[in-house]
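Peer 1: One structure is given below, represented as structure tokens, and several questions about it will come after.
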Amino acid sequence: MKMKTFLTTSVLLLWLTMPTKAQTSYSGRIETGYMNYLFRTITVEPGPNWKGYNLNNRQNGFNFNSINGVTFQDRKIFTGIGAGYSNFDGIDGVAIFGDFEYLPLKKRLTPILNLRLGYNHIWNQYEGGTGTMHTEFGIGINYKIKENLGLYIKSGIMITQQSLFLPLTLGFRY
């Protein structure tokens with residue numbers, strides 16, 4: 001039993017200390033965007049305590065996000081954690097999410113593929129507000145100013161608060 005534990009620990013330590021070609025470095029992004037409401041993703045049979053859908057008036061919104069994380073594979077892959085503020089036509093909210101991004105080319109102008117998974121909470125007509133899963137798939141274009149600075153624009157689909165949105169995001173990468 002001790003030999004098995006020793007071998008497993010040794011293999012894990014060797015694997016963790018092996019040099020890799022993929023360098024990691026800190027990276028961050030600040031972005032703002034507009035969320036165009038498309039439609040509700042659910043239909044509710046009203047019960048006695050029902051006060052309406054989470055976004056009762058089919059509100060569009062805007063957001064401001066800050067994302068911090070690390071890049072791998074010569075700055076092609078980014079993974080991080082983000083937090084943001086949302087406003088849906090007067091209904092305030094916050095979001096916390098994991099962010100995964102891939103830039104396939106090392107050129108000055110490159111496509112972006114993005115996946116965002118997390119939690120969104122808004123203070124609406126329900127006491128204490130409502131919280132739901134936040135999911136976003138995006139595609140866009142990144143313009144590299146310097147090796148570690150860039151501007152990007154992206155769009156895609158976002159599902160949160162029982163609704164589907166078409167987000168348009170403008171961001172700065174550092």
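Peer 1: Can you tell me which aspartates and glutamates have their Cα less than 12 Å from the Cα of LYS106? Leave out same-chain residues fewer than eight positions away.
Peer 2: Counting by Cα, and skipping residues close in sequence, LYS106 has these aspartates and glutamates nearby: ASP74, GLU147.
Peer 1: Measure nothing but the geometry: give the 0 to 90° angle between the long axis through the Cα atoms of 2-17 and the longest principal axis through the Cα atoms of the chain, rounded to 10°.
Peer 2: Rounded to the nearest ten degrees, it is 80.
Peer 1: Can you give the Rg to Rh ratio of the chain, both from alpha-carbon atoms, with Rh computed by the Kirkwood formula?
Peer 2: Rg/Rh for the chain comes to 1.12.
Peer 1: Can you give the helix-only mean residue ellipticity at 222 nm for the chain, where every DSSP H stretch with n ≥ 4 adds -39500 (n - 2.57) and the sum goes over all residues, rounded to the nearest 500 deg cm²/dmol? Let's see the in-between values first.
Peer 2: On the way: 1 runs with 16 residues, N = 174.
Computed ellipticity for the chain at 222 nm equals -3000 deg cm²/dmol.
Peer 1: Which value results for Rg/Rh of region 62-165 when Rg is the Cα radius of gyration and Rh the Kirkwood radius based on the inverse mean 1/r?
Peer 2: Dividing the radius of gyration by the Kirkwood radius yields 1.03.
Peer 1: Also, I was wondering about something else. Over the Cα atoms of region 20-111, how large are the radius of gyration and the largest Cα-Cα distance (Dmax), in Å?
Peer 2: Answer for region 20-111, Rg first and Dmax second: 18.4, 60 Å.
Peer 1: Pick from GLU127, GLU147, GLU101 the residue whose mean-square fluctuation is largest in a GNM of the chain, springs joining Cα atoms under 10 Å.
Peer 2: Result for the chain, Cα springs under 10 Å: GLU127 fluctuates most.
Peer 1: Using unit Cβ charges (K, R positive; D, E negative) and no other charged atoms, how large, in debye to the nearest 20, is the dipole of the chain about its Cα centre?
Peer 2: With only Lys, Arg, Asp and Glu charged at Cβ, the dipole is about 880 debye.
Peer 1: Fewest Cβ neighbours within 10 Å first, please rank ASP99, ASP89 accordingly.
Peer 2: So the residues, fewest neighbours to most, are ASP89, ASP99.
Peer 1: Let me ask another. Determine, for LYS154, LYS76, LYS107, the number of other Cβ atoms within 10 Å of each Cβ, and report the residues in order from fewest to most.
Peer 2: Placing the least packed residue first, the sequence is LYS107, LYS76, LYS154.
Peer 1: Further question: What does the charge add up to near SER163, with Lys and Arg as +1, Asp and Glu as -1, over the other residues with Cβ less than 14 Å from its Cβ?
Peer 2: Values: positive: ARG40, ARG58; negative: ASP89, GLU136.
Local charge sum for SER163: 0.
Peer 1: With a 10 Å cut-off between alpha carbons and a GNM built on the chain, which of ILE42, ILE30, ILE153 moves the most?
Peer 2: ILE42
Throughout, read-outs are computed from the coordinates displayed, never taken from laboratory work. Fair warning: this is a prediction, and the values are worked out from it, not measured in the lab. Backbone-built Cβ (ideal geometry, glycine too); neighbour counts: all protein chains shown.
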